[in-house]
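Just so you know, all these numbers are worked out from the coordinates, no wet-lab data involved. Because the structure is predicted, anything quoted here is derived from the model rather than measured. Glycine gets a Cβ as well: all are built from the backbone with ideal geometry, and neighbour counts include every protein chain shown.
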Amino acid sequence: MKAYTLFFSPTQTGATVAGTIRNALRMDVGGSFDITKAAIEKPFGADDIVVIAMPVYGGRLPALAVERFQAVRGNGAKAVAIVVYGNAKVGDALLELTDLCVDHEFQVIAAATFIGEHSFTTNEFPLAVGRPDATDRKNAADFSALIQERLDAPGSLATPSVPGNRPYKDAMNPPPLAATGFDPELCTRCGLCETFCPSGAITMAETGPQTDGTKCIWCCACVKTCPGHARKIVLPKIRETAERLYANFQERQKPQWFLAE
Ligand SMILES: Cc1cc2nc3c(=O)[nH]c(=O)nc-3n(C[C@H](O)[C@H](O)[C@H](O)COP(=O)(O)O)c2cc1C
């Protein structure tokens, strides 16, 4: 059996968690499939196990992540479904990801929620900064050990029940406004923001990076990857959300996992 990761992860926290879980399994390491920037057509097979990670956006999966997953086929591969959230709420995202994997012919044998630094974090309103951290990575390895135990035991592996409701809560419907802007004094035109933007919302012009609000998914990957700290969150609604989250979701949440009894 070979273990793979597959993720939609604009700010890389989900990619990190998925890799940690995959690497702690005692089996051959397969590739990593990154669907953040583009869909991939990937048929897996019954001898594969795939750790699949997506972020929580407004208690749901990002619509773009679901779209990018469309051409992935499990063909009976085992899946570990992971959603990563910014220490606030998971909503129905884990149930949605588990259902999505089943719809795509994966056999979901384990599922979990992990915590990643919130995309909206700022110096003023720090949110889950630095997560996943060493404790989360240790938790991820513990989770892998439990998965491995199940895989090694004879008998069939059932799909666990996970928290969430059907129909899922309404998806976020953000107005078509760019979340981020840039400081022309600090911008070196390096183009990394354009490279890391998952939705093609950023294009480099002579005057600097231009952001198309109709394509921006508010992921803030451009802010986090800008080496000169030129990219900033400019949308007041996001700054207000960060302030509200800072006031209400300070208590450290722990990863939670779900395996069938
Ligand atoms: C548009 C948007 C909505 C979000 N909604 C939630 C949420 O409902 N609950 C939460 O705890 N975190 C929320 N987050 C934070 C992300 O889930 C978190 O930062 C996650 O680690 C991002 O994953 P990635 O690094 O793999 O992209 C949201 C982030 C964005 C950009």
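A few remarks follow.
- Sorted into 5 angstrom bins from 0, the C-alpha pair distances of the stretch 25-115 split as 3, 15, 26, 26, 19, 9, 3, 0 percent.
- Sorted fewest first by neighbouring Cβ atoms within 10 angstrom, ILE52, ILE109 come out as ILE109, ILE52.
- Note on the stretch 176-214 and the stretch 1-65: Cα centroid distance 26 Å, given to the nearest whole angstrom.
- Residue pairs exceeding 22 angstrom between C-alpha atoms, taken from LYS42/LYS224; LYS42/LYS138; LYS2/LYS89; LYS215/LYS254; LYS78/LYS215; LYS89/LYS254: LYS42/LYS224; LYS42/LYS138; LYS2/LYS89; LYS215/LYS254; LYS78/LYS215.
- Residues whose amide H falls under 5 Å from that of VAL51, counting only those 5 or more places apart or on a different chain, are TYR4, THR5, LEU6, VAL80, with hydrogens built in the peptide plane.
- Lacking any other cysteine beta-carbon closer than 4.7 Å, the following Cys residues of the chain have no compatible partner: CYS101, CYS187, CYS190, CYS197, CYS216, CYS219, CYS220, CYS226.
- Put a plus charge on the Cβ of each Lys and Arg, a minus charge on the Cβ of each Asp and Glu, and nothing anywhere else: the dipole of the stretch 180-235 about its Cα centre is then about 180 debye.
- In terms of surrounding Cβ atoms within a 10 Å radius of their Cβ, CYS226, CYS193 rank from fewest to most as CYS226, CYS193.
- For the stretch 8-17, putting each phi into the Karplus relation 6.51 cos²θ - 1.76 cosθ + 1.60 with θ = phi - 60° gives couplings of 10, 8, x, 10, 6, 5, x, 4, 5, 4 Hz, in residue order, rounded to whole numbers and with x for Gly and Pro.
- Longest exposed-site-free window of the chain, the sites being trypsin sites (Lys or Arg not before Pro) in a DSSP loop that have at most 12 other C-beta atoms within 10 Å: 27-251
- Note on the stretch 29-94: antiparallel DSSP beta bridges, both residues inside, total approximately 10 percent of the bridges counted.
- Calculated diffusion of the chain, Stokes-Einstein form, Kirkwood radius summed over Cα pairs, 25 °C and 0.890 mPa s, µm²/s: 130 µm²/s
- Gaussian network model of the chain, springs between alpha carbon atoms under 10 Å - residue of ALA88, ALA110, ALA230 with greatest fluctuation: ALA230
- Here the Gaussian network model covers the chain, with springs between Cα atoms less than 10 Å apart; of ASN248, ASN165, ASN87, ASN248 fluctuates the most.
- GluC sites (Glu not before Pro) within the stretch 51-130: DSSP coil, no more than 12 neighbouring Cβ in 10 Å: GLU124
- For the stretch 55-125, the relative contact order works out to 38 percent when only alpha carbon pairs closer than 8 Å and six or more residues apart are counted.
- The amide H of GLU105, built 1.01 Å from its N in the peptide plane, has GLY74 as neighbours under 5 Å, considering only residues 5 or more places off or on other chains.
- Rounded to 10°, Cα long-axis angle of helix 93-103 versus longest principal axis of the chain: 60 degrees
- Remark: relative contact order (the stretch 180-235) = 48 percent; criterion is Cα-Cα distance under 8 angstrom and separation of 6 or more residues.
- Hypothetical label at LYS37: residues of the stretch 68-89 whose amide nitrogen lies under 18 Å (7 Å Cα-Cβ projection): 68-69
- Whole-Hz ³J(HN,Hα) from phi, Karplus 6.51 cos²θ - 1.76 cosθ + 1.60, for the stretch 134-147, glycine and proline x: 4, 5, 4, 5, 5, 4, 4, 5, 4, 4, 4, 4, 5, 4
- Each Cα pair under 8 Å and six or more residues apart adds its sequence gap; the mean of these over the residue count of the chain is a relative contact order of 20 percent.
- One quarter of the convex hull surface built on the alpha carbon atoms of the stretch 180-235 amounts to 3.2 nm², the projected area averaged over directions.
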